[in-house]
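The structure under discussion appears below in the form of structure tokens.
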Amino acid sequence: MTETADSWPQPENFISTAAYLDAFETFHDQRKPSQQDVLDRATRLASEAMRAIELQVRRLRSTEPEDDEWLFRKWTDAQFLVLALWRLRAAGRLASSVAHTRSELQVAIADFDGRLPDLSRMRHVGQHIDAYAVDDPKRRQRKPGSDELVGRRALEVGSWSDEHFSWLGGTIQFSEAQAAASVLYAAIRTARRRLQRSEEHTSELQSPCN
């Protein structure tokens, strides 16, 4: 049986707003999200990530007030771009957890990874910067085309322009990053719409004839 909003706690059944809110939170904490819930959330997270990507690329191509006194402002914005791109990918992974959309999202993520081959390394090193800063023996990212692990001396060496960011032996081209992100975002939205239509069609077939 498909769960509807009618099965949720209803305000009129509670003596106070506080009691209703407590019941509402408890109900939703305990229920398993539906496939549609998952895709809705993945789409919202992807939308937020896309906005962040667009913001960071715009900043990387612009002149900002602090540039006169902060030489590494664009370096910092490039690091935030890496995080925004990876967050979009994570939204894609979330969407791919829905069985109905798994294969198409896996293809979209593989395409995204192929167009941004250095993103994973940048994200991993950036997230675990404390380990790489002391050459922790447990670190696992290697320099491109080498068996040599990324070391502490590489962390603060890089270059950037209005169109690219280079770090750890890799490069992110901003135009390519935006294009790859747009394709993955579109795939997430398409998967969400397709599931909506499928469920609407199923609901219509199950509805009794008038």
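A few comments on the model shown:
- Taking the protein heavy atoms of segment 71-198 in the context of the full set of protein chains, the accessible area attributed to carbon and sulfur is 50 percent at 1.4 Å.
- With each label modelled as a point 7 angstrom along the Cα→C-beta vector, the LEU155-ALA110 pair spans 3.6 nm.
- Two-site label geometry, GLN127 and ASP162: point separation in nm, points 7 Å out along Cα→Cβ: 3.4 nm
- Accessible solvent surface per residue of the chain, calculated while the other protein chains remain in place, 1.4 angstrom probe, Å²: 62 Å²
- Nearest-0.05 FRET efficiency for THR63 and ARG140, computed from C-beta distance (R0 25 Å): 0.10
- Sites matching GluC sites (Glu not before Pro) across segment 35-143 that sit in DSSP coil, with at most 10 neighbouring C-beta atoms within 10 Å: GLU69
- Shape metrics for segment 59-193, restricted to C-alpha atoms - Rg then Dmax, Å: 16.4, 51
The values are calculated or read from the model by the stated rules, or taken from the named source; none is laboratory data. Predicted, not measured: the structure shown is a model, and the values here were computed from it. Backbone-built Cβ (ideal geometry, glycine too); neighbour counts: all protein chains shown. Side chains included, ligands, DNA and RNA excluded: accessible areas come from the protein's heavy atoms. Shrake-Rupley method; radii C 1.70, N 1.55, O 1.52, S 1.80 Å.
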